[in-house]
Amino acid sequence: MSSISPIGKGALAFLTIAALGALSGFGVNYFGPIYLTTHKPVQPIAYSHKLHAGDNKIPCQYCHTFARRSEMAGVPSTQKCMNCHEFLGANKPEAQKLNDYYDNDKPIEWKRVFDLPDHVWFNHKRHIRKGVKCQKCHGPIETMEVVYRSNDFKMGFCLSCHQENGAPTDCWTCHT
Amino acid sequence: MDRRSFLKVGAVTASSGVLGACGQVTKKVIPFVTRPDDGVNPVDGYWYATTCAECNSGCGVIVRTVNGRAKKIEGNAVHPVNGGKLCAKGQAAVQRVYHRDRLTQPLMRKGAKGSGKFEPVTWEKAIATLGEKLAGAEGSVFYLNSGNNDITAGVANAILGKMSGFTMATNHDPGKESQFAGGATLNEYPHTPYPDLENAEFSLLLGADIFESDRNPVFFARSFGASRRDRPSIRGRLVYCGSRLSSTAASCDKWFPVPPGYLGVLALSIAHVVVESVISRGLAQSIQRNALGRWSEALAEYAPEKVADKVEIKAELIRRIARPFIDEAPAVAIAGDDIAGYSNGVEGLDAVAFLNMVSYEIGREKLRIKPRHTPVSDQDLKQRMLAWFGLAPEKQTFRRLKELVDAMSAGKYKVGVIHHTNPVFDTPASLDVKTALGKVGFVAAFANFMDETTSQADLVLPDHHWLESWSAQVPNFVPGVPVLNLRQPVIRPFNDTRSATDVLLAAAGKAGMKIPAKNGEEYIRKIVDKFRAEMLEIDPTLSRDAAWRTLLSKGGWWPSEEEQEPSETPSNDKLWAMKNRLKVNDPSFEGGSGFPYHLHLYQTVHMGRGAGANQGWLQEAPDPITTLMWQSWVEMNPATASKYGLIEGDLVTVTSPHGSITAPVFPYVGIRPDVISIPLGYGHTEYGEIANNRGANPMKLIGTGMDSQSGALAWRSCKVNVKKAGGSVVMLRSAHPEGEYKGEIFQL
């Protein structure tokens, strides 16, 4: 190291720290709030999965109907909510909110809880058809008043399950 | 600052920079309010049939929509015009829907007229203003569009046509207008043979850039593919004559660089060879002999030996080109811009039509020509179709546009309505539409974007994108069968826009005028109801709604392949009794001795006249010949360029009697040394960041000279001079100009 001049050392240290800074910036974004298990946003309507899926035992795929049909599970249309709420809970403030959205032809802007980085390709349909339970990845949704991200969804999480079940572990299975 | 604190600051700056650059991850999930039809899959989406409006060709398209957004546009496989194919402009149309420069609300002029300063107003106010102006403008209203034959024009005609002194004019593509006029000048013969490239074994393209800018590039490109590949033992041969090796010419087997303006002469010379051959073989019957003798006399001065010098093709070669027109195999000559764009345009078009007719009759006698569609380009059919929308079958030519502009300059018009056309940019600058618009009392413009013309308006009315609106249209180039194109909204409007048809109807209604329907959809349904009996595809037992849905799901109405009965073969006698002029005068050119080069303006397949210049996808698409992108260029033969010491990228000033522009040089071997070529569509000044100041607009160079017979713009009859401007630029290009093989010549 003695051959490096003091100015050279300074530059090296600066570059290292700058690179670390850049990496941390990258990290905050890719492993930012939405990717933390504590991610528990306040939704426009205080919808309770505990009440619907837990107490009333409505099957997940009654609302998330696309899960078995496509890559995405999909969030139900407001119209679908109204199938029941036309008649139920009209006196409750949260259901009233729902009514307002529907009457004003305005979509509900739900805050996203579960998301994967863009470099990961995930397909709901395949997992559902294989018989993987929703809870395996999404956690005990039927007990949650407010949905939160119950798993970290890091690569190890996916891989361990793929290995247990003999699913492919080639890179391009997910990074396609 | 010591080193430690400097490093700390550096680290923070670096990380925050990266943080900012990464942007945001998706944070919201927004579902439908009302679930679309059962079975809609959010990922796979739905395909809806509609009609492309990126140009006036009227290609049928299908659009994939996912979660209420248009994702992909493809050709409609059952459509008679494009048969499942689509050009780059159509493919790129989705980019226009979600374009950042789209007009999102009505705008009212704030500053001085033409200042381009606007303030947003509500739709109610905009519609009330338009209604008020229309009602108070009796006898002095004009409606100007691009000649797209859609229901907006029909509605405008229905509302305003009742006023005395109403003028309807179109701002056609140069070249195309004369094409449409051309077929109709041969009044003595009922029809001009349809350019059935698909079934021809030999096609002679006389300056016809049919795969890039002519009547309908998609239709002809499809026919070309069929002529080359679809027949087991026949491979269609094509020969191109014209002053520049266009991308169409590059697809042909041979190119003859004929001097500008002499293609009509060449056509008559070929006709001469054909007629002489029929006489010498003794094929003609008595009635025909009279005609043949008359023609032979008229064509005497076009004998190959006499015109060889003029057209710069050896007499022997002209005879060889003529041979397929005499032989049994179907041959067709197709005339294009490089015939139509001169002062003798119509004469040239007539000459080509004559050549086709004579050759067709010879072939027909031998029952060798078997076209798929009606073998005629039926002008009556087009007029009948236009009448569906209440459009008058008038010939809309440049002359009419010029008359309109002159009247505007004279202050004759109180109100003008402009619908999706940009004459300030794409007509010759010497016509000076900008100044003329300034003298119109009130100009309302329907547009998707602010452009050179819209910025001159008093009221800007943002129209729906064609993927968002109801409309119907008649294709500009009729493919031999009647076609009614329907357009339906495949997505919800992205902005606070309204359909031009609806706004016109609402404004007229507000002003107490009589309106033909409440809105565009109703107007189209009325048209469909009227023609219900004629519409063969529709089961008569279907209800009104079911019939309507059937039409929408198909994209329009046209007879199915089996129902396209071959029309009656044109009468023999009419042809033989015809007394045609059979004369093509020498072309006249603007510019004297100081202007040694012919100016050859042309349209590339993706840029056209420049409406797509604000789309990154189209700017990024390389020109098929030069592979240049994001700029305009001046094509010169390398011999001409070297005379001025110019190499690729050197800036050059091109001067004509009307103006001058400066652009970089692109030396190109596929152009005659006496011709300078510049693509249209570049050089916008008020069309958004992507289009502005990118290249130069060559419409500044040409005058308003016309073909005196048809009234079409003689847009290639201008001569220019060039001068080295000094300086050079790097030409952005996607590949080696001579292709992967870098100019190696392959002998097959």
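For the segment A:69-76, counting C-beta atoms of other chains within 10 Å of every residue's C-beta and taking the mean gives 5.
The fewest-to-most ranking of B:ILE62, A:ILE58 by surrounding Cβ atoms within 10 Å reads A:ILE58, B:ILE62. When peptides B:610-616, B:587-593 are sorted by average Cβ neighbour count within 10 Å, with the highest value leading, the order is B:610-616, B:587-593.
Counting, for every residue in A:59-66, the Cβ atoms of other protein chains within 10 Å of its Cβ and taking the mean gives 1. Just want to confirm a number: the relative contact order over region B:46-97, from Cα pairs under 8 angstrom separated by 6+ residues, in percent. Relative CO of region B:46-97 lands at 29 percent.
Each peptide in B:154-167, B:694-707, B:408-421 gets a packing score, the mean of other Cβ atoms within 10 Å over its residues, and the list from highest to lowest is B:694-707, B:408-421, B:154-167. Label-to-label distance, B:ALA639 versus B:GLU74, with points set 7 angstrom from Cα along the beta-carbon direction: 4.8 nm. Panel order for B:HIS658, A:HIS162, by other beta carbons found within 10 Å of each beta carbon, from fewest to most: A:HIS162, B:HIS658.
Can you sort A:TYR148, B:TYR597, B:TYR48 by how many other beta carbons sit within 10 Å, fewest first?
A:TYR148, B:TYR48, B:TYR597
In terms of its C-alpha gyration tensor, region B:46-97 has an oblate overall shape, because the principal axis ratio a/c (a ≥ b ≥ c, square roots of the eigenvalues) is not below 1.5 and a/b does not outweigh b/c.
A simple packing score, the average count of other Cβ atoms within 10 Å per residue, orders the peptides B:291-301, B:495-505 as B:495-505, B:291-301, with the highest score first. How are the Cα pair distances of region A:72-176 distributed, in percent, across 10 Å bins from 0? P(r) for region A:72-176, in whole percents per bin: 11, 35, 28, 17, 8, 0.
With the Kirkwood sum run over all distinct C-alpha pairs, region B:71-156 has a hydrodynamic radius of 17.0 Å.
We did not get these values from a lab; they are worked out from the coordinates using the rules stated. Computed from a prediction, not measured in an experiment: that's the story for all the values here. Glycine gets a Cβ as well: all are built from the backbone with ideal geometry, and neighbour counts include every protein chain shown.
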